[in-house]
Amino acid sequence: MDRYLGRLDTRLRGLGIAAPLLLMLSGGGVTTVETARRFPVRLVESGPAGGVIFASGIARDRGLDRVVSFDMGGTTAKLCLVDDGEARSARSFEVARIYRFRKGSGLPLRIPVIEMVEIGAGGGSIARVDDLGRIAVGPASAGSEPGPVCYGRGGEQPTVTDADLVLGRIDPTLFSGGRIGLDAAGARRALEDGIGAKLALSSELAAFGVVEMVDNNMASAARVHAIESGVDVAGRTLIAFGGAAPLHAARIADLLGIDRVLIPENAGVGSCVGFLRAPIAFEIVRSGYWRLAAFDAAAANRLLGELEAEALAVVRPAAGEGESIEARRMVYMRYVGQGHEIAVELPATGAIAGDTLLEAFGRTYERQYDRRIPGVDVETISWGVTLSTPLQAAGQPVTTAGHNTPEPMARRQVFSPQLEQAIEVAVHDRAELRPGAVVEGPAIIVEAQTSTVVPEGFGASIDGFGHIELVRGPAAED
């Protein structure tokens, strides 16, 4: 990473590009190339982190306090819980797992990271029939080369994208804005040979089985992650992005008991947009053990000062002299004898005293576990400081003059699971849908980067930010 980033920086400067090279970190901020070369491990999962920043910004723009971020690309699907416009974070992460998506089978890293659940379900995930006669999807992926069978680049095993194409969700003539033609017949043959012939299913039912398996796997992962986090996923808003997510978002919402889905503008490149909205930030955590019964306030405040100075040396060069910088200070604490600590937020400025620290821990612990434990001493394990530039605000939403139902650009056959046959649905060009436009399901909304499935029982409307809003029942009219 050090050598690669060094070469990249040198070549950019050689092309006359004088702008600073900034890189995304796994914790949700961006930093300079010099810092990235010193700490390359902090770039692990930086791409998905950009996607969560994208979703978090949309949640703040729309005033949504309970959100599920759903990012589905070519290889994996990532889900993250976002509360009050802020994604959940963690201080550890696993890499090089022996079992790719099984927690505990990899090498743990102690780095700041946005907390996500990831499963092997993307557009390129390969479908097969396992030894028990069940349809299984992933984690093996066709990748971009050779890619799904329908790409016509040598792929032979059916994938999720092939299944979506056979179901009519993807138009072979409009894929990637019409620049890439898809081999629908090849996709159909692959599903018939790989799935249908083994289970006595038509190619359409085989394709439906593939996408239904993927959707249920993702919904199950989201439910487990929410339970482990002590929250309920039902009733949240699902923000879906990535090239494959809008094709599957409504079904995921249906399985999770979610009534509202947002498909943002630029959904297919959501992580890239998240990079542009991410703050310049850096977090430093250092061990600092004290029991509060014998708390050394002077040493603790000195440690916080050192951490802030070290973080400032990283953030200031990237932010520039005129940019304001915000501080966030945390201490990780637990009752003596416990095996896991909790994060306690400290005031951004000012000295820390033992009694205020004890009260802050008590409030945080009670908020998480509904009780305090009297008569037990409390200990600090580590201390952290995060410095960041302010978050970028979105533009003002467009005020809609009223609602309108646009004429579709075309109609095409899409497989209906309820009827077990193809039905004709309206196809709309997203570029032609203005704020206030209303589309009732079943329908398909196409764009160069992806397609949005509006199933029967859902309605879609375009909000003032240009996002597609899917709601259960008739389309939103606010």
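Within region 357-368, residues that are closer than 17 Å to Asn301 by Cα have Cβ atoms under 6 Å from residues that are assigned to a helix (DSSP H, G or I) in these pairs: Leu358/Leu292, counting only partners at least 6 apart in sequence or on another chain. Take Arg251 and tell me if it is assigned to a helix (DSSP H, G or I), basic (Lys, Arg), out of contact with any Cys (no Cβ under 7 Å at 6 or more places or on another chain) and closer than 30 Å to Gly177 by Cα. The answer is yes for Arg251.
Counting residues that are among the aliphatic types (A, V, I, L, M), within 22 Å of the chain's Cα centre (by Cα) and closer than 27 Å to Arg236 by Cα, which strands (runs of 3 or more DSSP E) fully inside region 361-477 reach at least 3? Passing ranges, in order: 468-472. Assess whether Gly235 counts as being at pLDDT below 90, outside the structural domain of Thr76 (by TED's automatic domain parsing) and either of a type in the set (S, T, N, Q) or part of a loop (DSSP other than H, G, I, E, B) (or both). Here the answer is no, as Gly235 does not meet what is asked.
How about region 413-431: which of its residues are buried (at least 17 other Cβ atoms within 10 Å of the Cβ) and either closer than 18 Å to Phe175 by Cβ or in contact with a helix residue (DSSP H, G or I) (Cβ under 8 Å, 6 or more places away or on another chain) (or both)? Selection gives Val414, Phe415, Val425, Val427, His428, Arg430. Please indicate, with yes or no, whether at least one residue in region 98-108 is of a type in the set (A, V, I, L, M, F, W, C), at pLDDT 90 or above and within 30 Å of Glu192 (Cβ to Cβ). No; the residues of region 98-108 include none that is of a type in the set (A, V, I, L, M, F, W, C), at pLDDT 90 or above and within 30 Å of Glu192 (Cβ to Cβ). Within region 20-42, restricting attention to residues that are part of a loop (DSSP other than H, G, I, E, B) and closer than 20 Å to Ser271 by Cβ, the residue that is farthest from the chain's Cα centre (by Cα) is Leu21.
Restricting Ala253, Ala244, Ala207 to those that are surrounded by 21 or more Cβ atoms within 10 Å (Cβ to Cβ) and touching a Gly at 6+ places or on another chain (Cβ under 6 Å) reduces the list to Ala244.
If you check Phe54, Phe93, Phe70 for being closer than 26 Å to Leu5 by Cα and either surrounded by 23 or more Cβ atoms within 10 Å (Cβ to Cβ) or without any contact (Cβ under 8 Å) to a residue 24 or more places away in the chain (or both), only one passes: Phe54. Answer yes or no as to whether Leu303 is surrounded by 17 or more Cβ atoms within 10 Å (Cβ to Cβ) and more than 32 Å from the chain's Cα centre (by Cα). Yes: the conditions hold for Leu303. What strands (runs of 3 or more DSSP E), lying completely within region 76-117, carry at least 3 residues that are within 26 Å of Leu238 (Cβ to Cβ)? The strands (runs of 3 or more DSSP E) meeting that bar are 77-83. Here are some conditions: (1) on the phi > 0 side of the Ramachandran plot; (2) assigned to a strand (DSSP E or B). Gly350 meets all but one. Which one does it not meet? That leaves (2) as the condition not met.
Among the residues of region 431-463, those identified as more than 19 Å from Leu165 (Cα to Cα) and either aliphatic (A, V, I, L, M) or in the same structural domain as Ala240 (by TED's automatic domain parsing) (or both) are Ala431, Leu433, Ala437, Val438, Val439, Ala460, Ile462.
The values are calculated or read from the model by the stated rules, or taken from the named source; none is laboratory data. Just so it is clear, the model here is predicted, and its values are computed rather than measured. Quick reminder, even Gly has a Cβ in these numbers, built from the backbone with ideal geometry, and neighbours come from all protein chains shown.
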